[in-house]
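Trainee: If you scroll down you'll find the structure; I have some questions about it.
The values are calculated or read from the model by the stated rules, or taken from the named source; none is laboratory data. Because the structure is predicted, anything quoted here is derived from the model rather than measured. Positions of Cβ are backbone-derived with ideal geometry, glycine not excepted, and every protein chain shown enters the neighbour counts. Please note that ligands, DNA and RNA were not included when accessible areas were found on the heavy atoms of the full protein model with its side chains. Shrake-Rupley method; radii C 1.70, N 1.55, O 1.52, S 1.80 Å.
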Protein chains: 2
Amino acid sequence: MSSPTAVTADAWEAADAARPDVAAGVPRVLARCRDLVRPSLSAAIERLHPWPGEMAAFSLGWCEVGGAPADGSYEGKGLRQTLAVLCAEAVGAPGESAVPGAVAVELVHTFSLLHDDIMDGDGTRRQRETVWKAYGTGPAVLAGDALFALAVQTLAETPGPQGTAAVGRLSGTLSDLVRGQAEDLLFAGRPWTGPGAVRTDEYRSMAELKTGTLLGCSAALGGLLGGAPARTVAALDRAGRHLGVAFQAVDDLLGIWGDPAVTGKPVYSDLRQRKKTYPVLAALAGAGPRSGELAALLNSPLPLDEDGAVRAAALVEACGGRAATLEEARRHLDAARACLRSVPLVPRAAREIEALLGFLLHRRV
Amino acid sequence: MSSPTAVTADAWEAADAARPDVAAGVPRVLARCRDLVRPSLSAAIERLHPWPGEMAAFSLGWCEVGGAPADGSYEGKGLRQTLAVLCAEAVGAPGESAVPGAVAVELVHTFSLLHDDIMDGDGTRRQRETVWKAYGTGPAVLAGDALFALAVQTLAETPGPQGTAAVGRLSGTLSDLVRGQAEDLLFAGRPWTGPGAVRTDEYRSMAELKTGTLLGCSAALGGLLGGAPARTVAALDRAGRHLGVAFQAVDDLLGIWGDPAVTGKPVYSDLRQRKKTYPVLAALAGAGPRSGELAALLNSPLPLDEDGAVRAAALVEACGGRAATLEEARRHLDAARACLRSVPLVPRAAREIEALLGFLLHRRV
């Protein structure tokens, strides 16, 4: 039996030669945007009733259960706020103009994690308990609702026609998010093979709704609040959507081959949970004997033990599922870059956005 | 032991002599407004993903589990849509102008029932299973989220400055709703007596947030979309808020003394569940020996059996809790009427709104 193989730096580097100069600046950019948005995000959370407010702060990684401050190690990357700020700068506005949008998308992202963890029954996230596990299901539903309402309120209070357009965009995004989550939940009940099987194009549509629309909204709100013309806003939106599909593909790779020490999940986690992710669906789409063996493993009523998971991962790779997923990620990242290059943007900010895209393709967690 | 006494027509009539002429026209008004709003509400629900869409239709009483049409007996009164339509008419606009607002408030109401039933663990509503009981908790969370997003989207798509103002109003209402639900959930963990006990004024604040803001929003959106000046919109909002407090008081009376054959709940339902409602809190606020006996009954770790519930209900009544709640309902209904009379309204529509208020005080369910 081969030992679990984590995705190595070499494998990533083979996939995209741009990595070395990408890694350098991005953490600094993420930190700068986080520092810019934090006071307003924090002030928004302060407006909540203290109980959902604590759950929201816990979910954001700012505090422990009970409210004691956390050390910062549970915070997310803040990708959505960063995208909003950089896109405002890319259209020639100060990053500050994007802040209400950045706050709104971070609130929506936190809401969706909170409710999705309930629906998916996930008990851990970022190496600690999820909100429903720590506070109970009912309170977690409440906290998600509070964040949802606060996100809409944040943009509804932004004055002028840009505020109105921003609310419109956010509300469409919220509907798409829910639609994507519905599709994702329904995938679980569908067969691995045969006419009812989930096709990779259906998976891509789901990923665009569930992950792409909010990233597209983040980018578009940055442009919109920065005063960009409609054509530029639309291009930023499309770039964000492609980024979302690429982001999900990388997530799926990490869900199988990610390093448990970094992701905080068991090796082959998604395979053990029999999640219908892109690599597996792409592998099963081939008709060879090895995809038949993979289907038989996945269809077995027994839980997948260590050996079974190793074998399934090897079969997914042998059937081309891993290569197809890397290709999917790269293709959508290229499409995102093409969208960005189709409109005039401030070069420095555009470079930072492109660096961010590369960083996300190469992330380990 | 006395037998359970349902609230009789006599008791209500003693409380408000206006009842006879009220009862006549209101069901017709409710039906007219329902017919006006239904096509748009139905079209909105059609926009949902089919799965949350079915749960939403089930929750609205339009279908059974699986999607087969229901016979209409599970539908709510449609109070919020009616209030929106009548308030548009009261400011001289056609009822049609209120329809986007009416749709939004019915969607928000349905969302809140769906999620509140999860948080409260309530397994039945309108004499059948609640959504989480019938479809599962995760799917019910999803369906609520879908309705929430759709409500915001419905108003965000309403053009012009009135649409913008409407979204702003709805988003504040959503935040207040969540705040009220948080307070209500926290009341359950507080003591019946002593310094930490829930005071009737705290209960009223909770009722205003949880029930009043959405009724206020319904009325205000009707006025706003009907083109009324800010002063009139504010008066309609205040009227709706007072109506909400009165509505909750009547709900609390029905939760103890309502006729099980009509409400679909067991006799003394709220007492058996030891809900902290206005009649009980008002009864306990007195310091006499009977309120001490009531507190002892409620503090007992044993479940309240038939005899215990009958005794508790009698004590609540003897301590003045029932009379205080009727008085609370009447006072806030009077305040609602005063708000309505403080601004110029079209007489016919204003009469229909006043009839609706009276009808709600005298409802059996």
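Trainee: At pLDDT below 95 and open to solvent by 10 Å² or more (accessible area, probe 1.4 Å): which single residue out of A:Arg274, A:Arg204 fits that description? Don't jump to the end; show me each part of the working.
Mentor: Working: A:Arg204 fails: at pLDDT below 95.
Of the residues listed, the single one that is at pLDDT below 95 and open to solvent by 10 Å² or more (accessible area, probe 1.4 Å) is A:Arg274.
Trainee: Taking the stretch A:258-270 only, how many residues are outside any loop (DSSP other than H, G, I, E, B), of a type outside the set (Ser, Thr, Tyr) and under 19 Å from the mean Cα position of the chain (by Cα)?
Mentor: Keep residues of the stretch A:258-270 that are outside any loop (DSSP other than H, G, I, E, B), which gives A:260-263, A:269-270.
Those still in the list that are of a type outside the set (Ser, Thr, Tyr) too: A:260-262, A:270.
Among the residues that remain, those that are also under 19 Å from the mean Cα position of the chain (by Cα) are: A:260, A:262, A:270.
The number of residues fulfilling the criteria is 3.
Trainee: Is at least one residue of the stretch A:180-198 at the interface with another protein chain (Cβ under 8 Å from one of its Cβ atoms), free of Cβ contacts under 8 Å to residues at least 40 places away in the same chain and open to solvent by 30 Å² or more (accessible area, probe 1.4 Å)?
Mentor: Checking the stretch A:180-198: at least one residue is at the interface with another protein chain (Cβ under 8 Å from one of its Cβ atoms), free of Cβ contacts under 8 Å to residues at least 40 places away in the same chain and open to solvent by 30 Å² or more (accessible area, probe 1.4 Å).
Trainee: How about the stretch B:298-328: which of its residues are modelled with pLDDT of 95 or more and either of a type in the set (Asp, Glu) or touching a Gly at 6+ places or on another chain (Cβ under 8 Å) (or both)?
Mentor: Across the stretch B:298-328, the qualifying residues are B:Glu317, B:Cys319, B:Gly320, B:Glu327, B:Glu328.
Trainee: Step by step: first the residues of the stretch A:103-127, then only those that are more than 14 Å from chain B (Cβ to nearest Cβ) and over 15 Å from the mean Cα position of the chain (by Cα), then the one that is most open to solvent (accessible area, probe 1.4 Å). Which residue is that?
Mentor: The residue in question is A:Gln127.
Trainee: Would you be able to say whether some residue in the stretch A:152-169 is more than 9 Å from chain B (Cβ to nearest Cβ), assigned to a helix (DSSP H, G or I), open to solvent by 30 Å² or more (accessible area, probe 1.4 Å) and free of Cβ contacts under 8 Å to residues at least 12 places away in the same chain?
Mentor: yes
Table: residues versus (1) in contact with a His (Cβ under 9 Å, 6 or more places away or on another chain); (2) acidic (Asp, Glu).
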position	(1), (2)
A:Val250	yes, no
A:Asp270	no, yes
A:Ala283	no, no
A:Glu317	no, yes
A:Ala336	yes, no
A:Arg341	no, no
A:Arg351	no, no
A:Leu361	no, no
A:Arg364	no, no
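Trainee: Here is a further query. Within the stretch A:93-110, is there a residue that is assigned to a loop (DSSP other than H, G, I, E, B), over 30 Å from B:Ile118 (Cβ atoms) and out of contact with any Asp or Glu (no Cβ under 6 Å at 6 or more places or on another chain)?
Mentor: yes
Trainee: Please name all residue pairs, on different chains or six or more residues apart, with Cβ atoms under 7 Å, provided the first residue is in the stretch B:55-67 and is within 15 Å of B:Pro139 (Cα to Cα) and the second residue is of a type in the set (S, T, N, Q) and surrounded by 16 or more Cβ atoms within 10 Å (Cβ to Cβ).
Mentor: B:Ala56/B:Thr110; B:Ser59/B:Thr110
Trainee: Okay, moving on. Checking B:Asp71 against (1) open to solvent by 20 Å² or more (accessible area, probe 1.4 Å); (2) more than 24 Å from B:Leu215 (Cβ to Cβ); (3) touching a helix residue (DSSP H, G or I) at 6+ places or on another chain (Cβ under 7 Å), only one condition comes out false. Which one?
Mentor: Looking at each condition in turn, B:Asp71 falls short on (3).
Trainee: Go over the candidates B:Thr130, B:Thr173, B:Thr213 one by one and state the one that is within 14 Å of chain A (Cβ to nearest Cβ) and touching a strand residue (DSSP E or B) at 6+ places or on another chain (Cβ under 8 Å).
Mentor: Every option except B:Thr130 fails the conditions.
Trainee: Still on this structure, please answer the following. B:Gly227 fails exactly one of the following numbered conditions: (1) at the interface with chain A (Cβ under 9 Å from one of its Cβ atoms); (2) at pLDDT 95 or above. What is the number of that condition?
Mentor: Only one criterion is unmet by B:Gly227, namely (1).
Trainee: Among the numbered criteria (1) in contact with a strand residue (DSSP E or B) (Cβ under 9 Å, 6 or more places away or on another chain); (2) within 14 Å of chain B (Cβ to nearest Cβ), which single criterion is violated by A:Val65?
Mentor: Answer for A:Val65: the failing condition is (2).
Trainee: What number of residues within the stretch B:293-342 are open to solvent by less than 70 Å² (accessible area, probe 1.4 Å) and part of a helix (DSSP H, G or I)?
Mentor: 30
Trainee: Considering (1) closer than 30 Å to B:Gly136 by Cβ; (2) open to solvent by less than 40 Å² (accessible area, probe 1.4 Å); (3) among the polar types (S, T, N, Q), say which one B:Thr82 fails and leave the rest.
Mentor: That leaves (1) as the condition not met.
Trainee: Please work out if B:Gly136 is without any contact (Cβ under 8 Å) to a residue 60 or more places away in the chain, more than 7 Å from chain A (Cβ to nearest Cβ), more than 20 Å from B:Glu106 (Cα to Cα) and open to solvent by less than 40 Å² (accessible area, probe 1.4 Å).
Mentor: Judged against the criteria, B:Gly136 is a match.
Trainee: Show me the helices (runs of 4 or more DSSP H) entirely contained within the stretch B:17-92 in which 3 or more residues are modelled with pLDDT under 95 and farther than 19 Å from B:Ala220 by Cα.
Mentor: B:19-46
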